Amino acid sequence: MSMNSFGHLFRVTTWGESHGPALGATVDGCPPGVQIDEAMIQHWLDKRKPGQNKFTTQRRESDQVKILSGVFEGQTTGTPVQLMIENTDQRSKDYGDIMDKFRPGHADITYWQKYGIRDYRGGGRSSARETASRVAAGGLAREAIKQIAPNVQITGYMTQIGPNKIDRNNFDWSQIKQNPFWTPDAQAADDWAEYLNELRKSGNSVGAVVEIVARGVPAGLGAPIYGKLDTDLAAAMMSINAVKGVEIGEGMAAAELTGEANADEIFMGQNGPQYSSNHAGGILGGISTGQDVVVRFAVKPTSSILTTRKTITKSGEETEIITKGRHDPCVGIRAVPVGEAMMACVILDHLLLHRGQIGENRGPIG
């Protein structure tokens, strides 16, 4: 199976399966001299790991990361960094009765049709467990960004669960870490808890919308025509398991606006250009403007539910299936740190690309 790598200069290759002995990431192109240790990466993995509350899968994984190469005396050496996370709480027996059945909504059927082989133990490479590797790589990317562009801050949060949206008038950055949904709206968090608790008890699931914001991104990242910053961000977010839609800035809602309403007016401030709004999501022509870079993605409902569903077997026989095991009633919750990690990897990659080709921005204003 090919196509397990992403990035240009900062290149990440993930490996491993949901129910294998371990999974991880090989990171090539990380600059030398980045201060890093396992605890720095573990901080971000702890945000994603399962079993933290009743609204996520009850699979118990510590997700302890090990650095196997590329770091010496607390600094990256410029050689490939190998990150490994051991699986310790697999229950492959939960999947024994679906060996020959395809789970609706899962990649079981397409993997079988393409490769003629399928790891039915939790989905193998198609499992959201693979995203732990991305979060580990993203932790390394964050530390490298601190050295190159120390003003960059990357924060993700949920803005919608099922039909229930946040009230942006209640937006409070300090609330994001105060609830299990990583949402900036305290009232929404209370409402969502009641809503999701009922779904969880019924064995059902629901989708969500996650927003990732990178503040402090310098102007000039990205390149026309095929190296656009938003192109790489969209691809990175869409590659996350269960993501079915990605928006930059105003996104789909821009279709409802007039040109007068959508174009962000430009003014001259004391420290350079300033904008009246940010409908563009901090990117124009594929190049960052210096505003907040805003990406939003929709996560489908978890397909593993306790409701009986119709399906077929590998031999083409019609049958029914109930997916047992431990699954997230809303996978969007644990997608927040994954989206942050992908943002960090893409931003670092483009910082390195910009530094390599341009160095300093060449078009002064004022």
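The values are calculated or read from the model by the stated rules, or taken from the named source; none is laboratory data. Predicted model only: the values in this text are computed from it and were never measured. For neighbour counting, all protein chains shown are included, and Cβ atoms are generated from backbone atoms with ideal geometry for every residue, glycine included. Heads up: the accessible areas ignore ligands, DNA and RNA and are worked out on the full protein's heavy atoms, side chains in. Shrake-Rupley method; radii C 1.70, N 1.55, O 1.52, S 1.80 Å.
Structural remarks
- Charge dipole (debye, nearest 20) of the chain; +1 at Cβ of Lys and Arg, -1 at Cβ of Asp and Glu: 1000
- Distance between the pseudo-spin-label points of Gln147 and Lys314 (7 Å out from Cα toward the beta carbon): 4.8 nm.
- Computed E for Ala254/Thr79 - FRET, C-beta separation, R0 35 angstrom, nearest 0.05: 0.20
- Length released on extending from Met238 to Trp112, taking residue separation times 0.36 nm less the Cα-Cα span: 43.2 nm
- The calculated FRET efficiency for the pair Lys66 and Asp100, based on their C-beta separation and a Förster distance of 41 Å, comes to about 0.70.
- In the chain, helical runs assigned H by DSSP with n ≥ 4 each contribute -39500 (n - 2.57); averaged across all residues and rounded to the nearest 500, the mean residue ellipticity at 222 nm is -8000 deg cm²/dmol.
- Short-range pairs are left out: with C-alpha atoms under 8 Å and at least six residues apart, the relative contact order of region 305-366 is 20 percent.
- For region 153-167, Karplus couplings with θ = phi - 60° (6.51, -1.76, 1.60), whole Hz, Gly/Pro x: 10, 10, 9, x, 6, 8, 10, 7, 9, x, x, 9, 9, 6, 9
- Base-10 log of normalised Debye intensity for region 187-319 (one unit scatterer per alpha-carbon) at q = 0.11 Å⁻¹: -0.59
- Computed E for Asp190/Asp46 - FRET, C-beta separation, R0 22 angstrom, nearest 0.05: 0.35
- Subset of Lys228/Lys300; Lys49/Lys201; Lys47/Lys324; Lys49/Lys300; Lys66/Lys165; Lys101/Lys228 violating a 30 Å alpha-carbon distance limit: Lys66/Lys165; Lys101/Lys228
- Summed over the residues of the chain and divided among them, the accessible surface reaches 48 Å² per residue at a probe radius of 1.4 Å.
- Take every pair of alpha-carbon atoms less than 8 Å apart whose residues are at least six positions apart; their mean separation over the length of the chain yields a relative contact order of 22 percent.
- Gap separating the Cα centres of region 129-179 and region 10-45, nearest whole Å: 18
- Ligands, DNA and RNA excluded, the heavy atoms of Leu306 present near 100 Å² of accessible surface to a 1.4 Å solvent probe.
- Solvent-accessible area, 1.4 Å probe, carbon plus sulfur percent, for the chain: 51
- Exposed chymotrypsin sites (Phe, Trp or Tyr not before Pro) absent: longest stretch of the chain, with sites in DSSP loops and at most 15 other Cβ within 10 Å deemed exposed: 1-170
- Calculated Rg and Dmax of the chain using C-alpha coordinates, Å: 21.2, 71
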